[in-house]
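Engineer: Once you've had a glance at the structure underneath, I'll fire off some questions.
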Amino acid sequence: MAICQIFDSPDVTAEDFERVSLHVRSTGPMMPEGARLLVAGPAAGGWRVVSVWDSHEALERFVAERLVPAYEAAGLSFGDATRSPFDVHTLVAGDLVGTAA
């Protein structure tokens with residue numbers, strides 16, 4: 001079953017997110033195996049990422065193998081982040097090509 005995770009990182013800036021993203025991209029494909037959707041942006045005193053995955057196992061593999069090391073390489077604490085996963089019941093999307101200006 002697909003899973004969505006809302007990931008909030010307090011005090012993380014856009015620059016921090018770019019450093020983490022650069023490290024993640026240097027260690028494998030973007031999108032990671034099992035990932036279907038990634039939306040990220042600033043949110044109440046930090047950074048929020050919403051992602052959709054094929055399975056809980058795919059998400060946890062990415063977190064352990066690529067995301068936590070990327071946070072550490074950027075000098076950030078992964079332990080400060082809040083993770084809110086839930087099972088996906090419905091996913092409807094239009095044309096999602098590209099990024100915001």
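Engineer: Would you be able to tell me the number of residues in the range 6-41 that are under 17 Å from E60 (Cα atoms) and among the acidic types (D, E)?
Structural biologist: Matching residues across the range 6-41 total 2.
Engineer: Taking the range 1-29, which residues are aliphatic (A, V, I, L, M), at pLDDT below 95 and over 16 Å from A73 (Cβ atoms)?
Structural biologist: If the condition is that a residue be aliphatic (A, V, I, L, M), at pLDDT below 95 and over 16 Å from A73 (Cβ atoms), then M1, A2, A14 are the ones that fit.
Engineer: Quick one: what pairs do we get from the range 14-37, first residue under 13 Å from Y71 (Cβ atoms), second surrounded by 12 or more Cβ atoms within 10 Å (Cβ to Cβ) and of a type in the set (F, W, Y), C-beta under 8 Å, 6+ apart or different chains?
Structural biologist: Every condition considered, the pairs that remain are D16/W47; F17/W47; V20/Y71.
Engineer: Additional query: Considering the range 40-57 alone, what residues qualify as being among the charged types (D, E, K, R) and surrounded by fewer than 16 Cβ atoms within 10 Å (Cβ to Cβ)?
Structural biologist: The first filter runs over the range 40-57 and keeps only residues among the charged types (D, E, K, R), leaving 48, 54, 57.
Hits for the range 40-57 are D54, E57.
Engineer: Return a yes/no flag: does the range 67-81 have any residue that is surrounded by fewer than 16 Cβ atoms within 10 Å (Cβ to Cβ) and either in contact (Cβ under 8 Å) with a residue 60 or more places away in the chain or on the phi > 0 side of the Ramachandran plot (or both).
Structural biologist: Yes, the range 67-81 contains a residue that is surrounded by fewer than 16 Cβ atoms within 10 Å (Cβ to Cβ) and either in contact (Cβ under 8 Å) with a residue 60 or more places away in the chain or on the phi > 0 side of the Ramachandran plot (or both).
Engineer: Name every residue in the range 4-39 that is in contact with a helix residue (DSSP H, G or I) (Cβ under 9 Å, 6 or more places away or on another chain), surrounded by fewer than 18 Cβ atoms within 10 Å (Cβ to Cβ) and of a type in the set (G, A, S), in order of residue number.
Structural biologist: Within the range 4-39, S21, S26, G28, A35 meet the criteria.
The values are calculated or read from the model by the stated rules, or taken from the named source; none is laboratory data. Just so it is clear, the structure is predicted and the values come from calculations on it, not from any experiment. Here Cβ is always computed from backbone atoms with ideal geometry, including for glycine, and neighbour counts include all displayed protein chains.
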